[in-house]
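Novice: The structure that follows is given in the form of structure tokens.
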Amino acid sequence: MKPHSRNTTISVCPTLSRMADAGRGIPRELSGAEIEEFLRGQRIARLGCHAGDETYIVPLIYAYEDGVVVAVTTEGRKTAMLRENPRVCVEVDSYDVDGRGSWRSVIAYGTYEELAGDAIEPALSLLRERFARAAGRAAEPREPGENVVVLRITLDEISGRSVER
């Protein structure tokens, strides 16, 4: 195996030079208020579930409010695994929104449940409101299609970190 040689940055490439300088950020813990604001402002999470001998991680479009993640999905591998083991890990992050290599990440653990009956509409309403507001339009009710599962994840352990450069 060939030994790794040190990379150098050439001054004629300002982007690479800026990236090399950006490595100076120091991670810090996010406050509870920062975590709440961040989770409410994002729309895509990664959901980690585990059942049997298999771990599965999938993107999840979600809405967050008061320690609870709600989402809509369809029947399949994910829902089968969640029914077998409702303990999950949720990760939400953003990277380089300032163009300097800054990032934020929140990792949370919680418990999955499928919603039924009267519990479905408040979850769907929260999703509609969040996504309509992000799109700059009014929320419009829609009926869920076939094989749709409305889910709620109650978070019981949450931590967050960020690097601001």
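Novice: Would you pick out the residues in the stretch 56-83 that are part of a strand (DSSP E or B) and closer than 19 Å to Asp156 by Cβ?
Specialist: Selection gives Leu60, Tyr62, Ala63, Tyr64, Glu65, Val68, Val69, Val70, Ala71.
Novice: Shifting gears a bit: Taking the stated definitions as given, is Tyr109 in contact with an Asp or Glu (Cβ under 7 Å, 6 or more places away or on another chain), more than 21 Å from Glu146 (Cβ to Cβ) and not small (Gly, Ala, Ser)?
Specialist: On the way: in contact with an Asp or Glu (Cβ under 7 Å, 6 or more places away or on another chain): yes; more than 21 Å from Glu146 (Cβ to Cβ): yes; not small (Gly, Ala, Ser): yes.
For Tyr109, the condition - in contact with an Asp or Glu (Cβ under 7 Å, 6 or more places away or on another chain), more than 21 Å from Glu146 (Cβ to Cβ) and not small (Gly, Ala, Ser) - is met.
Novice: Something else about it: Find the residue count for the stretch 32-86, including only residues that are charged (D, E, K, R) and closer than 23 Å to Glu121 by Cα. Walk me through how you get there before you give the answer.
Specialist: Start the filter on the stretch 32-86 by keeping residues that are charged (D, E, K, R), which leaves 34, 36-37, 40, 43, 46, 53-54, 65-66, 75, 77-78, 83-84.
Filter once more, keeping what is closer than 23 Å to Glu121 by Cα: 36, 40, 43, 65-66, 75, 78, 83.
Matching residues across the stretch 32-86 total 8.
Novice: What is the one condition in (1) within 14 Å of Ala108 (Cα to Cα); (2) modelled with pLDDT under 95 that Cys49 does not satisfy?
Specialist: (2)
Novice: Still on this structure, I have one more. State all residues of the stretch 114-147 that are closer than 26 Å to Arg77 by Cβ, exposed (fewer than 14 other Cβ atoms within 10 Å of the Cβ) and either of a type in the set (D, E, K, R) or modelled with pLDDT under 90 (or both); if no residue qualifies, say none.
Specialist: Answer for the stretch 114-147, where residues must be closer than 26 Å to Arg77 by Cβ, exposed (fewer than 14 other Cβ atoms within 10 Å of the Cβ) and either of a type in the set (D, E, K, R) or modelled with pLDDT under 90 (or both): Arg142, Glu143, Pro144, Gly145, Glu146, Asn147.
Novice: Which residue is modelled with the lowest pLDDT, if the candidates are limited to the stretch 23-34 and must be touching a Ser or Thr at 6+ places or on another chain (Cβ under 8 Å) and of a type outside the set (D, E, K, R)?
Specialist: Filtering the stretch 23-34 for residues that are touching a Ser or Thr at 6+ places or on another chain (Cβ under 8 Å) and of a type outside the set (D, E, K, R), the one modelled with the lowest pLDDT comes out as Gly25.
Novice: Pick from the stretch 45-95 the residues that are under 16 Å from the mean Cα position of the chain (by Cα) and at positive phi: which of them is surrounded by the fewest Cβ atoms within 10 Å (Cβ to Cβ)?
Specialist: Asp66
Novice: Also: Conditions first: (1) at pLDDT below 95; (2) at negative phi; (3) of a type outside the set (Lys, Arg). Gly99 passes all but one, so which condition is the exception?
Specialist: Every listed condition holds for Gly99 apart from (2).
Novice: Quick test of your reading of the structure: Gly99 fulfils all but one of (1) touching a residue at least 24 places away in the same chain (Cβ under 8 Å); (2) not in a strand (DSSP E or B). Name the failing condition by number.
Specialist: (1)
The values are calculated or read from the model by the stated rules, or taken from the named source; none is laboratory data. Here the structure is a predicted model, which means the values were calculated and not measured. Glycine gets a Cβ as well: all are built from the backbone with ideal geometry, and neighbour counts include every protein chain shown.
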